[in-house]
Each structure stands twice: as structure tokens, then as C-alpha cells.
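We did not get these values from a lab; they are worked out from the coordinates using the rules stated. What you see is a predicted model, and the numbers here were worked out from it, not measured in a lab. Here the Cβ positions follow ideal geometry from the backbone for every residue, glycine too, while neighbour counts run over all protein chains shown.
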Amino acid sequence: RDGYGLWLDYQPITNTREREGYIKALSPWQVEGEAATADFIRQELTAALGAMLGVEAGPVGDYTHNSLAHPVARLLVATPEESAVIRSLALGDALTRVGQEGYLIKTTRYRDKPITIVTANTHAGLLYGTFKLLQLLQTGQAVSNLAIESAPATKLRVLNHWDNLDRYVERGYAGESIWNWHKLPHYKSQRYYDYARANASIGINGVVLNNVNADPLILTPQYLVKVKALADIFRPYGIKVYLSVKFSSPNLIGGLPTSDPLDKNVQAWWQAKANEIYSLIPDFGGFLVKANSEGQPGPGDFGRSHAQGANMLADALAPHGGNVMWRAFVYNVEANVERSKQAYNEFKPLDGTFRQNVLVQVKNGPIDFQPREPFSPLFGAMPKTPLMMEFQITQEYLGFSTHLVYLGPLYEEVLKADTYAKGAGSTVAKVVDGSLYGHGITGMAGVANIGSDRNWTGHIFGQANWYVFGQLAWNPEVSTKQIADDWIRMTLTRDDKAVNTIRAMMMASRETAVNYMTPLGLHHIMGWGHHYGPAPWIGEQKPDWMREDWTSVYYHSANATGLGKDRTASGSNVIAQYHAPLRQAYSDPKTTPTELLLWFHHLPWHYELANGNSLWHELVARYYLGAQAVAEMAKTWDGLEANIPPQLFKQVQMALAIQTQEAAWWRDACVLYFQSYSKQSLPEGFAKPKHSLEYYKGLSFPHAPGDGR
Ligand code: BDP
């Protein structure tokens, strides 16, 4: 086992009692229906139940029989439409409740015999239900008395691939893009099917194939046939394709003199383009757009608003049922407004002016995907607009693909955060799932960490981040601790003791990364461009060409008196963008969560924290704690060798050795750097860094993976 099988690497169930219980409840099994999806479900059950239980593929009679007369299996997977047996069962309005993509898994009786059914209104629902049932087996749960009713909380559950057409993956750390554009459409790699299957197993139903920094060529006929090939592969797995589009495409590939969204010819160009796409891909999902952000073109180039730009695209897609996912990741150094405030300033006034098929896609934090930030104040500020969550699964700021950082707790922290937009309980999750404001169209996007590395994500534990993203998009309220537990059992080991140890490791890993990288609310102090390693000194001597809001000093504001970014009324006043009582809480360091202290406040080095430590002391303590925790994690992992498949064990062990080194590097570089401002010695008990600050400043990484531009 080398990691290719992900969480779907069905292992034989060795506990005899357990296995016999499963066989009794589920064998023989049967899938009714003829669609491609039903075939796929048949294949999956054949493989899974074969491997886990040793039962043969068990079709009972004729799949297409659709009659009450023919023999019925113990496990029946079918829609009511395709199964007279399902239709004959008294399911009440349960199927209505689960909607288009949900499912029921139920132990019931048919002709006086026990039967387990997986049923749904659609084939996609059947697929999700089947994977859920298999997950129960993989994680050792009882299946003799099931009554599961599940429906996704969000409609669009989408991976965003930042993949360029030349296969470079922006912020990708797991090899080149899995899309081999050159060989498409004719060469259909097995990877595409395996990828779709993995996504389907966690409820992901949309894939944006290309980078938000989009190449306009993706919309040319030459590429659209390639896109179609992928769409055809993904369809039976319930997955739609979307494309990132460059706003200036009408000009760049359409030969028009402008891309102004109010220009009739530009509108006609997009309409024709949409027609062309839908003639190839009738269920095409829509467009993702990064506009007027980090140098990308947009409606602002023509004096138009984001809404005017988004609406033009929305109008082109609407007749076909497509959506626009318009990103709110905008900031502009010329605006002279502190970066974290800009998205809100620009988008909030547009609330209510977007077409019905536009979602505004908002990154979880106001700046970027930092190890820790408060939630973006846009959540809760645009009641009339569906806001799509954008999480980053790829670990751009969290250790690339060598650091073990389980992102579940980060996602959960954001989703559970209370915006207070409509009083207490107005969580980010409720904004995103549409329940707070009654939006019908909702979604969650995750920037993929997938590449052509054999194990998909570079780091085995990166798979857990892909997995947890899918699970949270389905149900944002679910416990990420439970998800970690399931993932470990499905991927690494079913030994209870080992599972507990690994789960504890995973659950602590994000806080550990925060501690050795950016404790106490620090942020954006990493290497220039590639974002590899610590570089809090960026911007100390700023050359003219350097954007101030890309420097580190802009964010940590260290000086002789103290540290941290003042975002209260005496500073940039971001706190005004939050609802009461957060606004008040964040205005005072005493009522600001310690974890976010330096995100909101510039505090004196001797500022006393709740635990009695000075800011300087606590900062140092957290850096050392973080680095120490990684070393301990590595030791813990060493003790698990007997429980983990050898190749997986080794991969993680090597990565942990790198992480141990890099955590110490972060600690030493940052402590020395901040010490040059605090002018205080290290508190007692903390060993002196090995090298000088100059040494760390002098390190350079010319070919570290980055943005590829
Ligand atoms: C930043 C990345 C950059 C992306 C940008 C984005 O550094 O590569 O293009 O986000 O989300 O985090 O558009």
C-alpha cells in the first residue's frame, strides 16, 4: 500500500464476528438500475465487499427486473423509480426530505425477511449512500439496525484546482497537475476515474479544472473538447466541471477591442461562448472568476463594478442553468486602505445587486489562508447574496506537503465562529449553508492539494485534508475529530490504541503549526513569493518595486515598543466590520482571544497576558512549544511502526523529520528576529538558537515551489 488507494483501500475485515455480522446483513447484495452510475456502484460493491468480506459479487437475478416477484437480496441499492421493491416499502416522506442528492440507509423488512436498503431520488444520492454504507464497514460500525437519513447542507461542493495548462500547479506541492491537457481528449488516464471516485466518496460534486489566474486558452475550441472529455468521465460520479475564466477573454481570444461588461458585443461573445460550451457539456457547472485582484483583469478596468462583471457572465450562463462563482479576494495597494478591510469595503455595498445565479466566493480569513485568522467579516455582512466559503486544502502557508497539519480544526473553528449577524448563533456555517438568510443556492470550495504524486497529496496526511473538506461541505456541523477517526481507520490502521494516538496527533497538529509559525495572531511573515519558511524581515529595507502589502513588516509591525497590527479604531479599524459584540470584544486586548491578539492589536513587549507572562515571554514560549511538539509528534510516530503499512509509515516518518527541522528553523528565525526589536534576552529555560539572525536571513530557495509565474 503506497497511498494511491486513499481512504478507499478496502482492507479485509479480520475480526470474525464482525465479518460474519456484515455478511449476514448485507450478502447477497444487489443494485438495480442500468445507468452508468449503477454500473459503477456495482463495481464498487464488488471490489469493496469482495476485499473486506470475501463475498463474491452477488447479483441476485436480473438487475433490470423491476418487479416484486424476483428474488431479493439482503442489501438492495436502488432508486424507487428503478425498483418495485423499494416502491413497495413504506418509506413515508423520508425520500422527499433527503432531496436531490441525499440518501436513506435503512434496515427494514421485505416479505418478512430483513433487508438493508440504500435508496435515493437520484443516482448521485445512491452513490453517496453506498459510500456511506461502506464507510460503516471500514470503520467497524454495526450495520444490523440502520436508519440513516442524510442530505448535503450545501449545494455546490467544489474543488478548485489551481492548475495551469502546462501542468504547473500554483501552490501545488504534490507534483504536476493530474490533467494531462496535451494528451486529452483521446487519452483518458485511469487517474481521472480514480479521482472522480474519490471525490464522489466524500460528496464532492464539482471541480474547477484550472487556475483562478486563468489562461484564456481554456475557452478555445481546442481546449473545450478536452474539458468535455473530463466532464464525460466525471458525470456518472455526480461531478460537474467548472472553468476559471479570464475576464479579458473577449479581447484576448475573441478579437474584440474591449472586454467591457456593458458592451453589447462583449455580452454577445460570452453568450455565444456559453452556448458553445453547453453544446458540448450540457451539464456544465459554470465559471469561477478572479477579477481585479493581484493583477488579473476585471470589470474595474472599464470603470464597472464586480456586480456588473459577474452579472454579465451570469446572464450568459442562466439559460443553461450555470452559476458564477465570483471571488471576493480583492485588495489593492493603491487603495491606501489596510488590506484586510478591502474585500468588505468593495463587496458589501454590492449586496442585493447580483443575479440569482451568482455566488460570491469568500476566503475564510480577511487576508489570506493564514495558519490562523479571524473569519472574514463578509460572512454576515451580505444577507442578500449567497456567500460561498473558500478554504485552502493545499498547504501554501501551512508547511507545503511536508508538514503534518490536519486542517479539520481550522475549518471547524471558522465554521463554528459566531458572526452575530442576526444575534447569537449566527455562525459562519449558517451563512454558508444558506440557513441564516434562506438562500437556495449555497456552496463550499476547497483549493485542491492534489497532484500526480503517487499518493495524490504529497503527504499521506494531506489526504485527510481533502477528506475532511468534503465531509464538511456535506455537513458543516460535523465534528472534525470524528472525521479524523474515520479517516485513520479507513487509511492507516484499525487498531484502537493506534487510532487514538494518531487522532490526538492530528487534532493538535494545527495549533502546533500556529505555534511554531505565527503564534498569538501573527500572520503573513513567510518567505517572499514562494512562501516557504520564515521571513519576518521582508520589507525592512523595502525596494521601490516591492508591494507594501506583500511584506511581512506590514503585518507584524514590530518596533522597539511592541508587536502586532493595530486594527482597532486607533489603527485600521477593521473591528468596525464585525457585528456587536465582537466589535467591542476585539477593540480591547483584554477581551480579544489570546489566539488573535496580535492580529488586532499592537501591544508593548512587556504587555501582561492573562497567564501572567509578558508578551515577549509568551511569544518565545509558544515558538518553543510548537517546535517541541513537532519533535514529539515524530517520536510518537516512530512508535506506531507496527500498526502502519510500511510504505505509508516511512513516507510520514521522512516528512516528520523535515517538519522537525523546519519547525526549529521557524522558531529560531522568528525568535531572533523579534528579539532584535524587543531587545530582551530569552526567558530562562529556552535554549539559544544555533545560528545568528543573519544566517537565517541569508538562506535562499530559488526553486521552491510557488506561484510559477
Ligand atoms: C494567494 C496565493 C496566490 C493565489 C491567490 C488567490 O499566494 O498564488 O493566486 O492567493 O487566491 O494565497 O488568488
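For the reader, a short list of remarks on this structure follows.
- Distances between placed amide hydrogens fall under 5 Å for V169 paired with N164, S177, all partners being 5 or more residues away or on another chain.
- Among the listed pairs K106/K188; K481/K697; K183/K246, a Cα-Cα separation exceeding 29 Å is found for K106/K188; K481/K697.
- 3J(HN,Hα) along the range 589-597, derived from phi through the Karplus expression 6.51 cos²θ - 1.76 cosθ + 1.60 where θ = phi - 60°, amounts to x, 5, 10, 8, x, 3, 4, 10, 3 Hz, with x in place of Gly and Pro.
- Here the contact order of the chain, divided by its residue count and restricted to Cα pairs under 8 Å and six or more residues apart, works out to 11 percent.
- Bins of 10 Å, starting at 0 and running to the largest distance - Cα pair percent for the range 6-150: 12, 47, 35, 6, 0
- With contacts taken as Cα pairs under 8 Å at a separation of at least 6 residues, the range 456-604 carries a relative contact order of 17 percent.
- Charge-dipole axis of the chain as Lys and Arg at +1 and Asp and Glu at -1 on Cβ define it, positive-most pick from H523, W637, L146: L146
- Placed amide H near V358: partners under 5 Å, 5+ positions off or other chain: V324
- Value of [θ]222 nm, deg cm²/dmol, for the chain, DSSP H segments ≥ 4, -39500 (n - 2.57) each, nearest 500: -11500 deg cm²/dmol
- Highest average packing first - 623-635, 639-651, Cβ atoms within 10 Å: 623-635, 639-651
- If only the Cβ of Lys and Arg carry +1 and only the Cβ of Asp and Glu carry -1, the dipole of the range 6-150 around its Cα centre is close to 520 debye.
- Backbone phi angles across the range 439-453, fed through the Karplus curve with coefficients 6.51, -1.76 and 1.60 (θ = phi - 60°), yield HN-Hα couplings of 7, x, 10, 9, x, 9, 10, x, 6, 5, 10, 9, x, 8, 3 Hz in residue order; Gly and Pro are listed as x.
- Measuring r between the beta carbons of A90 and N145 and using R0 = 25 Å, the FRET efficiency lands at 0.90.
- Size of charge dipole - the range 156-491 - debye, nearest 20, with Cβ of Lys, Arg +1 and Asp, Glu -1, no other charges: 560 debye
- Distance in nm between pseudo-label sites at A508 and A580 (7 Å out along the Cβ direction from Cα): 4.2 nm
- Building the convex hull from the alpha-carbon atoms of the range 156-491 and averaging its projection over directions returns 15.8 nm².
- For the chain, alpha-carbon Rg relative to the globular expectation (2.2 N^0.38 Å, N residues): 0.98
- Sequence-distant residues sharing a close amide H with E390 (under 5 Å, placed H): V362, K363, N364, A445
- Most to least packed among 399-407, 90-98, 113-121 [average Cβ atoms within 10 Å]: 399-407, 113-121, 90-98
- Assuming charge only on the beta carbon of Lys and Arg (+1) and of Asp and Glu (-1), the dipole of the chain about its Cα centre is about 600 debye to the nearest 20.
- For the range 199-272 and the range 688-709, distance of Cα centres in Å: 38 Å
- Beta bridges per DSSP, both residues in the chain: antiparallel share near 30 percent.
- Overall dimensions of the range 488-601 by Cα: Rg and Dmax, Å: 18.6, 58
- Among 163-169, 13-19, 236-242, the peptide with the highest mean count of other Cβ atoms within 10 Å heads the list, and the full ranking is 236-242, 163-169, 13-19.
- Across K228/K363; K565/K688; K240/K430; K228/K416; K416/K542; K542/K690, pairs whose alpha-carbon gap is larger than 32 Å: K228/K416; K416/K542
- Computed from phi, the 3J(HN,Hα) profile of the range 233-242 under the Karplus parametrisation 6.51, -1.76, 1.60 (θ = phi - 60°) reads 5, 6, 3, x, 9, x, 10, 9, 9, 10 Hz, with x in place of Gly and Pro.
- Euclidean distance between Cα centres, the range 363-415 to the range 516-555, Å: 19 Å
- Placing a label point 7 Å from the Cα of A631 along the Cα-to-Cβ direction, the residues of the range 647-684 whose backbone N falls under 20 Å from that point are 653-673, 682-684.
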